[in-house]
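Asker: My questions all concern the structure below.
The values are calculated or read from the model by the stated rules, or taken from the named source; none is laboratory data. Quantities reported herein were computed from a predicted structural model and do not represent experimental measurements. Neighbour counts run over all protein chains shown; Cβ positions are idealised from the backbone, glycine included. Heavy atoms of the whole protein, side chains included, go into the accessibility calculation; ligands, DNA and RNA do not. Shrake-Rupley method; radii C 1.70, N 1.55, O 1.52, S 1.80 Å.
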Number of protein chains: 4
Amino acid sequence: MRTPVIGIMGAAAPTPASYAAAEKLGRLVAERGWIVLTGGEPAGVMAAACAGAKQVAGSLTLGILPGTSEGAGPDVDVAVFTGMGDARNAINVLSSDIIVACGVEGPGTSSEVALAIKAGKPVILLGASSAARAFFRSIGEWLPAADPEEAVRLIEQKLEDTQ
Amino acid sequence: MRTPVIGIMGAAAPTPASYAAAEKLGRLVAERGWIVLTGGEPAGVMAAACAGAKQVAGSLTLGILPGTSEGAGPDVDVAVFTGMGDARNAINVLSSDIIVACGVEGPGTSSEVALAIKAGKPVILLGASSAARAFFRSIGEWLPAADPEEAVRLIEQKLEDTQ
Amino acid sequence: MRTPVIGIMGAAAPTPASYAAAEKLGRLVAERGWIVLTGGEPAGVMAAACAGAKQVAGSLTLGILPGTSEGAGPDVDVAVFTGMGDARNAINVLSSDIIVACGVEGPGTSSEVALAIKAGKPVILLGASSAARAFFRSIGEWLPAADPEEAVRLIEQKLEDTQ
Amino acid sequence: MRTPVIGIMGAAAPTPASYAAAEKLGRLVAERGWIVLTGGEPAGVMAAACAGAKQVAGSLTLGILPGTSEGAGPDVDVAVFTGMGDARNAINVLSSDIIVACGVEGPGTSSEVALAIKAGKPVILLGASSAARAFFRSIGEWLPAADPEEAVRLIEQKLEDTQ
């Protein structure tokens, strides 16, 4: 079986709580040997998740970039340059076995959560606002997580279910 | 100046109210000589908006399809086949001067509204649920419309502003 | 049946012969009521084909642009902004019923001819160099045309065959 | 500096010589610690390059797939699912620091070589036919290699030049 890929999504300018959650989640995901996939940019949740993962020896971070050649963060091991702008959000979703949004605080993350629900991917909302939870409950299926540890437990369950 | 392109977005399986709004909006947009852009499929809001537009002589409907060669609805005059699946939602947004969502009832429409806000496009939410209005208020700028007539007045204002 | 879409491809900096052929071909295609599809930019074969088409009353030109919001030529009636750079060449191909290359003089056109052959689309090479003809003969099927009039006759045959 | 990514391109149904060259090149690239990028499918040059790389302990293979969820070969470590069909060829090119075509025997590879020349990427043609060499000489810059060893020497030079 290929190594699971966990997509960690979130705002480029997140709240401090979402930033901290993404960093911890990145570390926990990497400790389990899974690949961390993000949008690859050196900002916000993307940067935090990769930085967390790179605290773990042997970790692998995959960044799916909007640009054609530049702009990957320092903690991205493998950079895929799509040249497609925000249309690459669809690739982030398809290439992740499970998607975790650390806060749903901006339109980019919102589009990824929506595309993931559309694609039938398992989606975990970590620290989402009550407005985000109410809205996404109205359009499809997802799981809430109160903290990174709970998100990892949900990922483990989902990976077992799909084996 | 190029003919304005109005993107009319919405669910493939909308409520009857959203379907009726899309059909009327398609007609009103076409009566003003603007191009109607949709996702091109023969279902829901996409089909209704195109059907409404084609009640008007000389109207032009543009469908941006997810597939490679088939699946455009009968009221689509010009079909663009992207072969990109839901990643084409980004093209729908970029190719529209203004986006109107007739209901935000499914994940595809949600991703389009989010991408449009991200791209800085004028977005009008017509008949959105209170959950959708509350959530999208939390992530960016958009305008509410109570009915297709109000949506068209807002479009006219926006087009004047950007001239 | 939807109006046929004829993709006219070629270099942004073509030879004078290819430029002239594209302009004439655009006019001949438009005179038959078919839609002219190009890469939409105000340069070379793209510009010539659209200019030729717009000499015909009631013609329709469709440009599939690499950028997100600007850069469509003045003779493009409907501009689709992909934001995907050269990846949009695949959309040009999928959205055309038949592809005509007016010269194969640059890498962009070469990629479109190759993608069209891969997609199984009818491809006509008009005024291709002997090197281009020899190479594309080695990788797949296409039809040669000596001038725009012959290209149009080949298009008419192909459209009849596929009806 | 990020680990160099070497794109190895070629036909899904290559000649035996191109298959053997791709396998050897994959191994040589992996021995130098570089990442092997391919189109990810379990066929032809893509499969051979990945199989060659996976003979080397600690190697990393990256596959950029056309589909949405399936179809990656067994020797692909990290699979990126684009859902974009052949439009993903542009991503293969942008994500590679250097592109090596093992034979230019089909339209997919031809489109990648053309897109790589368009993007200004270093391109090496290994074992290309005289028709392919003559044609690509007419549209842009690339380097010939007689065998995988020479290709690797050219890659080393290019990587030094760009540091």
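Asker: Which condition does A:GLY85 not pass, out of (1) buried (at least 24 other Cβ atoms within 10 Å of the Cβ); (2) closer than 17 Å to A:MET46 by Cβ, if it passes all the others?
Answerer: All conditions pass for A:GLY85, except number (1).
Asker: Also: Suppose the filter is among the basic types (Lys, Arg) and under 23 Å from D:TYR19 (Cβ atoms); does D:ARG137 pass it?
Answerer: The answer is no for D:ARG137.
Asker: Let me ask you something else. Determine if the stretch B:53-68 includes at least one residue that is at pLDDT 95 or above, of a type in the set (D, E, K, R) and closer than 25 Å to B:ALA119 by Cβ.
Answerer: Among the residues of the stretch B:53-68, not one is at pLDDT 95 or above, of a type in the set (D, E, K, R) and closer than 25 Å to B:ALA119 by Cβ, which makes the answer no.
Asker: Right, something else. Among (1) of a type outside the set (D, E, K, R); (2) out of contact with any Leu (no Cβ under 9 Å at 6 or more places or on another chain); (3) more than 14 Å from chain C (Cβ to nearest Cβ); (4) touching a residue at least 60 places away in the same chain (Cβ under 8 Å), there is one condition B:ALA20 misses while meeting the rest; what is its number?
Answerer: B:ALA20 satisfies all of (1) of a type outside the set (D, E, K, R); (2) out of contact with any Leu (no Cβ under 9 Å at 6 or more places or on another chain); (3) more than 14 Å from chain C (Cβ to nearest Cβ); (4) touching a residue at least 60 places away in the same chain (Cβ under 8 Å) except (4).
Asker: So, in the stretch A:14-51, of the ones that are closer than 27 Å to A:GLU160 by Cα and among the charged types (D, E, K, R), which residue ends up surrounded by the most Cβ atoms within 10 Å (Cβ to Cβ)?
Answerer: Going through the qualifying residues, I end up with A:GLU23.
Asker: For the stretch B:35-147, please list each of the helices (runs of 4 or more DSSP H) lying entirely inside it that holds at least 1 residues being away from chain A (no Cβ under 14 Å).
Answerer: Once the helices (runs of 4 or more DSSP H) in the stretch B:35-147 are filtered for at least 1 residues that are away from chain A (no Cβ under 14 Å), what remains is B:44-53.
Asker: Additional query: Checking A:THR162 against (1) under 14 Å from the mean Cα position of the chain (by Cα); (2) modelled with pLDDT under 95, which test does it fail?
Answerer: Going through the list (1) under 14 Å from the mean Cα position of the chain (by Cα); (2) modelled with pLDDT under 95, A:THR162 breaks only (1).
Asker: Confirm whether D:GLY103 is open to solvent by 30 Å² or more (accessible area, probe 1.4 Å), touching a residue at least 60 places away in the same chain (Cβ under 8 Å), touching a strand residue (DSSP E or B) at 6+ places or on another chain (Cβ under 8 Å) and among the small types (Gly, Ala, Ser).
Answerer: No: the conditions fail for D:GLY103.
Asker: So is C:PRO66 open to solvent by 20 Å² or more (accessible area, probe 1.4 Å), in contact (Cβ under 8 Å) with a residue 12 or more places away in the chain and out of contact with any Gly (no Cβ under 9 Å at 6 or more places or on another chain) or not?
Answerer: No: the conditions fail for C:PRO66.
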